[in-house]
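Below is one structure; the comments refer to it alone.
The values are calculated or read from the model by the stated rules, or taken from the named source; none is laboratory data. Keep in mind it's a predicted model, so treat the numbers as computed, not measured. Because the Cβ atoms are built from the backbone with ideal geometry, glycine has one as well, and the counts that use them run over all protein chains shown.
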Amino acid sequence: MSVFTRELKLAWSGGGGAALPVGFFFAAGSLTPFAVGNDISNLQIAGPGVMWIALALSSLLPMERLFQADLEDGTLDAYAGSGVGMEGIALAKTLAHWIATGIPLAIVAPMLWIMLQGPPATSPFVIAASLMGSAAFFFFGSIGAALTAGMRRGGLLIALVTLPLYVPTMIFGAAALYAAASGGDWAQPAMLTAAVALFGIATSPFAAAMALRTAID
């Protein structure tokens, strides 16, 4: 619990907390009319896909500092020497960063959704889907962050490693928003999105822990 509390404070303070990812989220979505035009039907078609791409890229921004700073200042070595499982450390750090950044992204998602001509009535569903999606992005992203810890230009490498893992979440999430906006059956793609997120939460701490042990050695 003490590790989680420390990481939550660092996640809020380091690099401006959620300000940069949220700003990027809005900036990426705001550029959509320049690409597809300001026709309402075009924005409604492009909106769900654009939202999930922007959410995925915004979730990548905090990943570079997830483990890098602790590896450089010896904190991870101290954790490893204290007998605390690296799986628990990876879980606590990723969960703290998701709370600090992923939840704010989900909260502001309806504003971008409405700006892209999505139905305002579906805003609660947009928040729920964004919570699931951002959780998947952060936990899968922690694998890339652990694999690239200690490397130069880690941010680019994290993107190369992580983006393929994001693809199922983006596909299912965009399908859920399309269905919700058109009045179709959104339950199945939403459940698939939740399943991917749960799979990431369950497995990523173990994969990240293995990579961190290698980085420490």
Restricting the first residue to the stretch 61-87 and requiring it to be without any contact (Cβ under 8 Å) to a residue 40 or more places away in the chain, which pairs with a second residue that is assigned to a helix (DSSP H, G or I) meet a Cβ separation below 6 Å and a spacing of at least six or different chains? Asp70/Leu76
Could you tell me which numbered condition Ala211 fails, if it satisfies all but one of (1) small (Gly, Ala, Ser); (2) surrounded by fewer than 16 Cβ atoms within 10 Å (Cβ to Cβ); (3) within 21 Å of the chain's Cα centre (by Cα)? (2)
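Matching residues to (1) without any contact (Cβ under 8 Å) to a residue 12 or more places away in the chain; (2) touching a Phe, Trp or Tyr at 6+ places or on another chain (Cβ under 8 Å); (3) under 23 Å from Gly144 (Cβ atoms); (4) of a type in the set (A, V, I, L, M):
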position: Leu8; (1), (2), (3), (4): no, no, yes, yes
position: Gly23; (1), (2), (3), (4): yes, no, yes, no
position: Phe26; (1), (2), (3), (4): no, no, no, no
position: Val36; (1), (2), (3), (4): yes, no, no, yes
position: Ala56; (1), (2), (3), (4): no, yes, yes, yes
position: Ala106; (1), (2), (3), (4): no, no, yes, yes
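For the stretch 53-91, give me the residue count where each residue is among the charged types (D, E, K, R), surrounded by fewer than 16 Cβ atoms within 10 Å (Cβ to Cβ) and part of a helix (DSSP H, G or I). Please lay out each step first, then the result.
Our first condition is that a residue be among the charged types (D, E, K, R); within the stretch 53-91, this holds for 64-65, 70, 72-73, 77, 87.
Next, from what is left, pick out any that are surrounded by fewer than 16 Cβ atoms within 10 Å (Cβ to Cβ): 72-73, 77.
Filter again for part of a helix (DSSP H, G or I), leaving 72, 77.
So the count comes out to 2.
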Just to be sure I understand, how many residues within the stretch 120-146 are closer than 24 Å to Leu31 by Cβ and at pLDDT below 90? 0
From Phe140, Phe125, Phe172, which residue is closer than 14 Å to Thr94 by Cα and in contact with a helix residue (DSSP H, G or I) (Cβ under 7 Å, 6 or more places away or on another chain)? Phe140
Between residues in the stretch 125-145 that are part of a helix (DSSP H, G or I) and residues that are among the basic types (Lys, Arg) and buried (at least 24 other Cβ atoms within 10 Å of the Cβ), which pairs lie under 8 Å by C-beta distance while being six or more apart or on different chains? Ser142/Lys93
